[in-house]
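The structure under discussion appears below in the form of structure tokens.
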Amino acid sequence: LTIQPGTFVLGGPRVDDPTALIITTSAKINAQGTRSRPIIMTSAQPFGSRSREDWGGLVMLGKARLNVAGGTAFIEGLDNRPYLQYGGTDDTHDCGSLAYVRVEYGGSVFTVNNEINSFTWGACGSKTVAHHLQAHYGKDDTFEWFGGTADLKYAVGSYGADDYADWQLGWRGRVQYLVGVQHP
């Protein structure tokens with residue numbers, strides 16, 4: 001999936017299950033915005049009516065290792081359809097490239113400790129590129145990794161409802177220059 005600089009991606013409102021942009025293990029995303037023309041993934045609700053959890057956010061699934069029995073899993077909150085499975089043995093797996101991307105009003109909580117985030121990486125490998133990202137008014141975590149080795153540079157989480165950086169299942173990547181701005 002290639003998304004051009006300056007593009008707005010609109011996530012539909014939640015009815016039962018949230019809408020989300022999900023990049024499966026057999027796909028890649030190429031979302032290369034620029035400083036003057038960022039890519040904005042946001043709620044389809046009218047301005048002034050947008051709120052956290054309007055849509056599910058961006059989920060990227062890869063084939064890197066995670067520390068679970070069997071080496072594969074499903075992202076919290078998503079069902080067990082085969083194409084939603086992630087994990088494997090390729091720690092360099094390339095989930096794609098994100099640059100100058102903002103996710104607004106994303107994330108969804110299904111039940112306690114069962115949610116997707118503004119940006120969710122599931123076992124993305126070290127060839128995945130992620131820099132100059134912003135998560136704004138997310139429902140849960142702004143940036144979360146489930147296993148894998150993907151790095152992140154130059155990130156801002158603003159007015160998130162939970163953690164600004166969260167990881168589990170053996171994530172072994174690095175984050176450089178992360179700022180979190182908390183709402184009072």
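Tabulated results
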item	result
Binned Cα-Cα distances of the range 13-114, short to long, each 5 Å bin given as a whole percent	3, 11, 18, 20, 19, 16, 8, 3, 1, 0
Accessible area (Å², per residue) of the chain, counting only protein heavy atoms and a probe of 1.4 Å	46
The chain: relative contact order in percent, alpha carbon pairs under 8 Å with at least 6 residues between	20
Lys pairs under 16 Å by Cα in the range 25-184, provided they are eight or more residues apart or on distinct chains	4
Among Phe8, Gly87, Val68 the positive-end extreme of the charge dipole of the range 1-156 (Cβ point charges)	Phe8
Solvent-accessible surface ranking, highest first, for Leu178, Leu66 at 1.4 angstrom	Leu178, Leu66
Accessible area, probe 1.4 Å, largest first, for residues Lys63, Lys28	Lys28, Lys63
Lys/Arg +1, Asp/Glu -1 at C-beta; the chain dipole; positive extreme among Ser108, Ala155, Ala123	Ala155
Ordering of 135-148, 84-97, 163-176 by burial proxy (mean other Cβ atoms within 10 Å per residue, highest first)	135-148, 84-97, 163-176
Carbon plus sulfur fraction of accessible area for the chain, probe 1.4 Å, in percent	50
The range 152-171 and the range 45-107: distance between their alpha carbon centers, rounded to Å	13
√(5λ) per eigenvalue of the Cα gyration tensor, the chain, largest first, Å	23, 18, 16
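The values are calculated or read from the model by the stated rules, or taken from the named source; none is laboratory data. Since the model is a prediction, treat every value here as computed from it, not as a measurement. Counting neighbours? That spans all protein chains shown, and the Cβs are built from the backbone with ideal geometry, glycine included. For the accessible areas, the whole protein counts, side chains as well, though only heavy atoms, and no ligand, DNA or RNA atoms are used. Shrake-Rupley method; radii C 1.70, N 1.55, O 1.52, S 1.80 Å.
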